[in-house]
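Single-structure report; data block below.
Coordinate-derived values only; no laboratory data. Given the structure is predicted, the values throughout are model-derived calculations rather than measurements. Positions of Cβ are generated from backbone atoms using ideal geometry, with glycine treated the same way; all protein chains shown enter the neighbour counts.
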């Protein structure tokens with residue numbers, strides 16, 4: 001039995017489908033772009049020719065430009 005982490009599945013879907021996101025930081029700053037990479041502690045966000053390395057501990061909310069559907073395929077743990 002494998003355990004799927006919701007955060008990883010969600011971020012990976014956003015990355016793979018190149019869904020534009022708004023990331024709101026804890027202090028209220030809004031960042032926009034496409035997630036190109038993430039790991040346990042950081043997210044790389046790209047918009048146009050610029051990249052930003054964002055530390056996850058500073059993120060309050062991630063809002064995709066469209067809903068993420070069917071996050072888990074059948075048979076995966078939730």
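Key figures for this structure:
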{"item": "Residues located in segment 1-26, provided they are in a loop (DSSP other than H, G, I, E, B) and in contact with a helix residue (DSSP H, G or I) (Cβ under 8 Å, 6 or more places away or on another chain)", "result": "19, 26"}
{"item": "Residues that are surrounded by fewer than 17 Cβ atoms within 10 Å (Cβ to Cβ) and in contact with a strand residue (DSSP E or B) (Cβ under 8 Å, 6 or more places away or on another chain), drawn from segment 16-27", "result": "18, 19, 20, 22, 24, 25, 26"}
{"item": "Whichever residue in segment 28-39 is out of contact with any helix residue (DSSP H, G or I) (no Cβ under 8 Å at 6 or more places or on another chain) and surrounded by fewer than 16 Cβ atoms within 10 Å (Cβ to Cβ) and, among such residues, is nearest to residue 65 (Cα to Cα)", "result": "32"}
